[in-house]
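Worksheet: one structure, shown below.
The values are calculated or read from the model by the stated rules, or taken from the named source; none is laboratory data. Owing to the predicted nature of the structure, the values given are computational and were not obtained by experimental measurement. Cβ sites come from the backbone with ideal geometry, for glycine too, and all protein chains shown count toward neighbours.
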Amino acid sequence: MSSTAETPPTPSRLRTTLNPDRRKIIYGFAAVVALFVLGDILKPGFATASGIQQVLQVSSFVGLVAAGQTFVILVGGIDLSVPWVLNAAAIVMIAQASGSNGQLWLGIVVALAIGLAFGVVNGLGIALLGVPAVVMTLGMNGIAQGLSLGVTHGLTCSGCTKPPPMTLVNLMTGKTGGIYTSLLIWLAVIALVTFVLSFTTFGRRVYAVGNSQRVSHLAGVNVKVVTVALYGLSGVFAAMAGVALAGFGGGATVGMGDPYLFQSIAAVVIGGTYILGGRGHYLGTVAGAIVLTTLVSVLLATNAPNYARDIVYGVVILVILLLYGRGRSEA
Amino acid sequence: MLERALLSPISGRGEQGPRQLARRRQLVAQNAPLVVAVVLVVGMLAIYIVLYAISLSAFPGTFEAASITDHAIPLSLAAVGQTMVILTRGIDLSVGGMMDLTNALAALKIQGGFLTEALWTVIILLIGAAGGLLNGLLVAFGRIQPILVTLGTLSIFQGLALWVLPSPGGHVATGYTSLFLNPNAPSALLWVILLGLAWVAFRRSRLGVQIFATGNDEQSARANSVPVIRTRLLVYVLGGTLAAGAGVALATTSTGGDATGGDVFTLSSIAAAVIGGVSLFGGRGSAVGAICGAFVLTVLIDILFFANVDPLFQPFFQGLFLVLAVGASTLVGRYLMRRR
Amino acid sequence: MSERDGTAVKGAELHKAYGGVLALDDATFSAAPGEVHALVGENGAGKSTMIKSLAGVIRPDRGRVLIGGEEVRLRSPQDALRRGVATVFQELTLLDRMTVAENLMFGREPRGVGRLIRRRDLPAAAEKVLTEHGVDSVDPGELVENLPLHQQQLVEIVRAVIQQPKVLILDEPTSALARREVEWLFGLVRRLRDEGTCVVFTSHRWSEVTDLADRITVFRNGTDVGTHDELSEEDAVSLMTRREVSTAYSQPEQGPERAVVLQAEDLAAPGLHGVALALHAGEILGIGGLEGQGQQELFHALFGLTPTTGQLEVRGKAKHLRSPRDAIRAGIAFIPQDRKSEGLLLSMAVRENLTLPILGQVAAAGVLRPSTERTTAEGMIEQLHIDARWPGQPVGTLSGGNQQKVLLGRWLLADSQILLLYDVTRGVDVATKQDLYSLIIELAGEGRGILFYSSDTDELAHLCHRVLVLREGQIAQELDGPGIPTEDIIGAAFKEETHA
């Protein structure tokens, strides 16, 4: 550690402003455009305004879940409890609102509170007990699943099979000013998360903790509070997606959250966030979520069989990671 | 030869007495997770026997023992494979997908006479090894995090499984099944013991030591002349092969093939390994512990049954058990560290 | 007996460039069998690169490496080891989750049936090896991670020696060792030399170089500038820096009698037994003693890192520090020895590293104010002459000395009045050390209280107004300075042991 060679040449300002992390975000959105073009070639009409909006709307659910996943992965964690926290929130919202618009807001609040509670417990187990994130969130997923199924007797209770209140359905499927309202909600979330990550002290602390817990602790950052808050947020975002999906899909079903574990992690990773934490941004995740969804839509447009989707998912993730990984010697 | 006088020896605690004691304490501390795992198995079995006796006014016999063992075998195999990978500080999320694929293949192909059955068993294990090799190549040469590599291959294997067996069906030949299983005697226990013994020997082989070294610290392992890349490759190949074995075992223990039947094993194999004391931070753990973990999780289901717990609550208790077991062992570990 | 005819190891006309920087520029170094050869020079002079070339860690761009007179192309350290060159680097390569025995016997384990390792016999075999080499203080059954750093270094050295190398390279072997262990190492090295081994070593401590080395080669700017049998420190320093150095240390002003800023009574924690101390404003209070006598525990206790009992008063107010945050709020700053893993967020910007503890001051209601943050950072960059092009530059791209300045700047921004400096000059080159000394003196002059631990006794002797020597977690002696004779500090550190 003591040769002149340890002092690398000073990087230029431009290269740092357009660092690899930011470039990945740009690549992500470029990939989205390319996929829409490809889709339109394979199936003319794929990339019309309404076609694009539909794809984006489906992306928004992945995007919501992946917002929380981005937060925890930024500090080197992972949230495997997403599927059943999402599912539990959807069930609770449906049961609480029980089809009436008057009860909807209370239902949403309770659902989000439950998401927050699960997330906070995750965070406490990880930050205070020192349980590895994989184990803690895996266990909590089971707990959420068992509670959801047990309490509702396998989703056979009277309240939990009710359709979602019409207000919610309209919100999730309707349009405002020619744009899907759900997309506008997602845009708001994107703006908020971006603001938090880039322009607040909390966001700065998230990156600090993600870079080094030890250094952050020694510099006076309350690492435990940050960790718990992030897992709490992840729970809230999963719950939010649950509520949105229940409104979009017409109710709560068993296993509705299952696809979102894989997709949320994939979106984060495709978006260029480093799995060991400290580097990445939600904007990348947004690109990742849209890439994944567009890809599936393109496949569906070509009438590819079901199993092909899984295979393509896997191949795409690996190829993208191989591209990112090239020239990076760490990890 | 040795001129001790030149060496001004550094003596510290010289007495042999306390040293011996310290070493014994060390031995226990090093193997504490394994001891905990064994205690857990025994404890769970005791609870099971008591609950069984209370609800049926009889003691469980060989049939029950056979049932538990048969159910624990696929998970044991998967957990041992998972352990190999975790020991190198990796993780294998593709276990479930590999089990889907091999389970489907086994249900379709393992029938029609001894020779075909044996041949297909070998082919399926080779497919597992090939899948593992793919993981290993991507981890070792692609420099991608294991969790991401195996997340990708999980999806690929799941897709292949659905391609092989689009809807549940098929079954393994009865003769083949009875080779592993016997409803009236826990003959499958023999396989478990063999698996454990194989591990004990493996732990003492060159590759065994190299796996531990690689998981402990890659740089240091290199400095100790460990071929890190080869070790990683082999670990994933072994992991894939064991997952394939688990897929075959799953096909023999269940009535038919299902291209999604293996999915749950990704997470339960991790759970079994962790309950068995395998450290997710690499370099610490034992496959014997993982087998114990697999039995703990299997017996837990039977306990819940006899405790009259609604099966719908099953995942709740499994999750709770996992969190509590790991949380408690972390706390105990921290307490021991502080006492040192 | 002179066995200098013939070379054991040689790097001839080596060139090595990293990016555009020449680390080795036509450098030649050779050492003979049966000699102890010291390699000295400032950081960046190329000695590490030379060692790495001889050890097979890096491949030089041009030039030849010879082992035993035969030209070789080393592919890896293992390759070098096979040819008889064993190296102990500063970064330890022990497997910390394995026992001392497993580490020592790695690859040479006792084997039984079917070539399987007899794990049961490992501790006894390792014990034998350790005793043969005069190490009696390390339990072979202990996990390496449970050993203190200096014992790990012992194990590392023994492991290199038992490879029976023809050439043993020791890169800064003593920096982690306690005094007694240094003597042990010297004994071991001399024995190896007498048996015909060639030993190459580097050290930042001049006394060790003159004590041990048969020959000394000085490096400067990537090349060798002379090999000598005898060399005085003044000559060596002027060779290394090519400038005459009158005195290596700036002297602090006599500490004025000022208010006590930090007072501890009966401070106790694991490894720390009833320490009392008072630190005054404007004072540089040295903490000395042998390695591992409670210095780190003391610093950790004063920064709220370990649960501690006893009374603590910071600027007249009783405090109970439960976390670094409490300590920072009380105006205490801690600069750890390992700035890479404990001090800085390497991939984040200089600006972000500077403002981390004072985010609240560059934000309103939790929202950062970029322009305020930038001006704050720029002010500190200017004040400390940090060589950063702009505040957004990642701190990992700065040189070591500048990184250390960023770390100091962070706490100056936080307006910390009490600085806990823990071995901040270790592994820092001479020129940067001088910079740091003047900075420390300046900071004390501004009225800050500075607690200064160093593993380099000379530093303590010259830089501190007072020195507290720790032994077994207690203060053994208080020495008044500045200009305390080095022997007094060392004497105080050793006193107890001469009784035992």
Exercise. Here are some residues: B:I291, B:I301. Which one is in a helix (DSSP H, G or I) and surrounded by 24 or more Cβ atoms within 10 Å (Cβ to Cβ)?
Worked result: B:I291
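If only one of B:L280, B:L312, B:L320 is of a type in the set (A, V, I, L, M, F, W, C) and part of a loop (DSSP other than H, G, I, E, B), which one is it? Spell out how you get there, then give the answer.
Working: B:L312 fails: part of a loop (DSSP other than H, G, I, E, B); B:L320 fails: part of a loop (DSSP other than H, G, I, E, B).
Step by step, each of B:L280, B:L312, B:L320 is checked, and only B:L280 is of a type in the set (A, V, I, L, M, F, W, C) and part of a loop (DSSP other than H, G, I, E, B).
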Exercise. Restricting the search to region C:355-377, which residues are touching a helix residue (DSSP H, G or I) at 6+ places or on another chain (Cβ under 8 Å) and either more than 10 Å from chain A (Cβ to nearest Cβ) or of a type in the set (S, T, N, Q) (or both)?
Worked result: C:T355, C:Q361, C:T372, C:R374, C:T376, C:A377
Exercise. Restricted to region A:298-323, and to residues that are more than 7 Å from chain B (Cβ to nearest Cβ) and crowded, with 21+ Cβ neighbours inside 10 Å, which residue is nearest to B:P146 (Cα to Cα)?
Worked result: A:I320
Exercise. Looking at region C:221-249, which of the residues that are of a type outside the set (G, A, S), buried (at least 20 other Cβ atoms within 10 Å of the Cβ) and at pLDDT 80 or above is nearest to C:G187 (Cα to Cα)?
Worked result: C:L231
Exercise. Considering only region A:15-38, how many residues are within 14 Å of chain C (Cβ to nearest Cβ), at pLDDT 60 or above and in a helix (DSSP H, G or I)?
Worked result: 4
Exercise. Can you name the number of the only condition in (1) under 23 Å from C:T425 (Cβ atoms); (2) within 7 Å of chain A (Cβ to nearest Cβ); (3) modelled with pLDDT of 90 or more that C:E352 fails?
Worked result: (1)
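Does B:I91 fit the bill of being assigned to a loop (DSSP other than H, G, I, E, B), closer than 30 Å to B:G277 by Cβ and aliphatic (A, V, I, L, M)?
yes
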For this session: Would you tally the residues in region A:124-182 being without any contact (Cβ under 8 Å) to a residue 40 or more places away in the chain, assigned to a helix (DSSP H, G or I) and more than 9 Å from chain B (Cβ to nearest Cβ)?
Result: 2
For this session: Would you be able to say whether some residue in region B:148-164 is surrounded by fewer than 19 Cβ atoms within 10 Å (Cβ to Cβ), free of Cβ contacts under 8 Å to residues at least 40 places away in the same chain and of a type outside the set (K, R)?
Result: yes
Exercise. Given the conditions (1) crowded, with 21+ Cβ neighbours inside 10 Å; (2) touching a residue at least 60 places away in the same chain (Cβ under 8 Å), and given that B:W199 satisfies all but one, which numbered condition is not satisfied?
Worked result: (1)
For this session: Could you check, for region C:295-309, whether at least one of its residues is modelled with pLDDT of 85 or more, closer than 23 Å to C:P482 by Cβ and surrounded by fewer than 19 Cβ atoms within 10 Å (Cβ to Cβ)?
Result: no
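So that you can scan it fast, the table gives a plain yes or no per residue for (1) in a loop (DSSP other than H, G, I, E, B); (2) away from chain A (no Cβ under 11 Å); (3) more than 19 Å from the chain's Cα centre (by Cα); (4) under 21 Å from A:I317 (Cα atoms):
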site	(1), (2), (3), (4)
B:N103	no, yes, no, no
B:A129	no, yes, no, no
B:V139	no, no, yes, yes
B:H171	yes, yes, yes, no
B:P183	yes, yes, yes, no
B:V192	no, yes, no, no
Problem set entry | Qualifying position, being among the small types (G, A, S), within 24 Å of C:E342 (Cα to Cα) and either touching a Phe, Trp or Tyr at 6+ places or on another chain (Cβ under 9 Å) or at pLDDT 85 or above (or both), among C:G392, C:G400, C:G366 | C:G392
For this session: Answer yes or no as to whether C:R190 is over 27 Å from C:I440 (Cβ atoms), out of contact with any helix residue (DSSP H, G or I) (no Cβ under 6 Å at 6 or more places or on another chain) and modelled with pLDDT of 90 or more.
Result: yes
Exercise. When you go through (1) under 28 Å from B:S279 (Cβ atoms); (2) within 14 Å of chain B (Cβ to nearest Cβ); (3) not in a helix (DSSP H, G or I) one by one for A:V221, which number turns out not to apply?
Worked result: (2)
For this session: Collect the residues in region C:310-340 that are aliphatic (A, V, I, L, M), over 23 Å from C:G396 (Cβ atoms) and either in contact (Cβ under 8 Å) with a residue 60 or more places away in the chain or outside any helix (DSSP H, G or I) (or both), keeping them in residue-number order.
Result: C:L312, C:V314, C:A318, C:L321, C:I328, C:A330, C:I332
Problem set entry | Answer from A:L218, A:L138 - the residue that is more than 30 Å from C:A349 (Cβ to Cβ) and surrounded by 20 or more Cβ atoms within 10 Å (Cβ to Cβ) | A:L138
Problem set entry | Wholly within region C:10-85, strands (runs of 3 or more DSSP E) carrying at least 2 residues that are within 26 Å of the chain's Cα centre (by Cα) | C:21-31, C:36-40
Exercise. For region C:16-35, what are the residues that are modelled with pLDDT of 85 or more, crowded, with 24+ Cβ neighbours inside 10 Å and either among the aliphatic types (A, V, I, L, M) or closer than 22 Å to C:V237 by Cα (or both)?
Worked result: C:L24, C:A27, C:F29, C:A31
Exercise. Across region C:117-136, which residue is farthest from the chain's Cα centre (by Cα) among those that are facing chain B (nearest Cβ under 9 Å) and basic (K, R)?
Worked result: C:R118
Exercise. Looking at C:D338, C:D387, which is the one that is surrounded by fewer than 22 Cβ atoms within 10 Å (Cβ to Cβ), more than 26 Å from C:A176 (Cβ to Cβ), acidic (D, E) and more than 8 Å from chain A (Cβ to nearest Cβ)?
Worked result: C:D387
Exercise. Does A:I94 satisfy being within 24 Å of A:V225 (Cβ to Cβ) and either of a type in the set (V, I, T) or within 13 Å of another protein chain (Cβ to nearest Cβ) (or both)?
Worked result: no
Exercise. Across region C:93-116, what is the total count of residues that are under 16 Å from B:S225 (Cβ atoms), at the interface with another protein chain (Cβ under 8 Å from one of its Cβ atoms) and among the hydrophobic types (A, V, I, L, M, F, W, C)?
Worked result: 4
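Keeping to region B:222-241, report how many residues are within 7 Å of chain C (Cβ to nearest Cβ) and assigned to a helix (DSSP H, G or I). Outline the logic, then answer.
In the first step, residues of region B:222-241 are kept if they are within 7 Å of chain C (Cβ to nearest Cβ); the result is B:223-225.
In the following step, the residues that additionally are assigned to a helix (DSSP H, G or I) were identified as B:223.
Residues meeting the conditions: 1.
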